[in-house]
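Here the structure comes first, spelled out in C-alpha cells, and everything after it is commentary.
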Amino acid sequence: MFIEPNLEKYHRSERRHMGWIEIVCGSMFSGKTEELIRRLNRAKIARQKVEIFKPSIDKRYHEEDVVSHNASAIRSTPLHSSEEMLLFTGNCDVVGIDEAQFFDEAITDVCVKLADQGKRVIVAGLDMDFQGRPFGPLPQLMAVAEYITKLHAVCMVCGNIASYSYRLVPSKDKVLLGETESYEARCRRCFKLGPAARPL
C-alpha cells in the first residue's frame with residue numbers, strides 16, 4: 001500500500017538536502033489530476049513553495065489552470081518544453097507536473113535535476129496510450145522515481161477495475177486530446193474486445 005511521504009515532519013533546513021520523484025499514473029478518468037492537486041494543496045497548507053506546470057497543448061478546461069475531471073483546479077504555468085521548468089523552480093520546495101506524457105523526453109532529466117536539488121517532484125500522467133502501449137516519457141520517469149502510485153478507473157462497459165483508455169473515435173493519432181466523447185475507461189477484457197464489448 002502506498003504511503004504518501006510526510007514532509008511536514010521535516011524542518012525546512014533538512015528538506016533542502018533531500019528530494020525525490022513521485023509518479024501518479026493510470027488510465028483516463030482514474031483521478032490522476034485530482035490526486036496531484038490534493039498533494040499540492042497539502043504542500044501549500046504546510047507553507048511550502050509550490051510551482052505547477054502543464055504542457056501548453058492541454059487547453060481542454062483552461063488555458064493555464066490544471067483542472068481535474070471533477071472540476072478541482074489549481075493555477076499552473078503552461079510550457080512548450082520541459083527544460084523551461086528549470087527557469088521557474090529556483091526557490092520552490094515542491095514541483096507539480098500534470099499530463100507528463102505530452103512533454104518531450106528531456107522531462108526525465110529535468111525531474112532528476114530538480115530532485116537532486118532537494119525538491120519534491122510530483123508527476124501525473126497516462127502510463128498507456130489508446131493502444132495499451134507505454135506512453136511517452138512515463139516509463140523512464142517511473143524507472144527513476146522513488147514512489148509510484150497507479151490509480152484505476154471503473155470500466156464503463158462492465159464495471160470492473162479499469163486500467164486502459166479506450167478511444168471511441170476512429171483517429172489513429174498518438175496524441176488526441178479529448179474527454180468522454182472520445183475516450184472511456186475499460187478493463188483488460190473490454191479493452192481487448194473493442195467495439196464488440198457489451199455490458200455483462
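Every read-out reported here was derived from the displayed coordinates using simple, explicitly stated rules and does not represent laboratory data. The shown structure was predicted, so the numbers you read here are calculated from the model rather than taken from an experiment. For neighbour counting, all protein chains shown are included, and Cβ atoms are generated from backbone atoms with ideal geometry for every residue, glycine included.
A few comments on the model shown:
- Pairs spanning more than 32 Å between alpha-carbon atoms, out of Lys49/Lys150; Lys150/Lys192; Lys44/Lys172; Lys113/Lys172: Lys44/Lys172; Lys113/Lys172.
- Other-chain or far-sequence residues with amide H under 5 Å of Tyr183's (modelled H): Leu168
- Under-5 Å amide H pairs with Gly96, H placed in peptide plane, nonlocal only: Glu51, Ile52, Phe53, Ile122
- What separates the Cα centres of the stretch 115-131 and the stretch 147-163 is a distance of 18 Å.
- Among Thr89, Thr149, the ranking by other beta carbons within 10 Å of each residue's beta carbon, starting with the fewest, stands as Thr149, Thr89.
- With neighbour counts taken as other beta-carbon atoms within 10 Å, the residues Asp127, Asp116, Asp109 rank, fewest first, as Asp116, Asp109, Asp127.
- Residues with amide H under 5 Å from that of Leu151, placed H, sequence gap 5 or more: Cys25, Gly26
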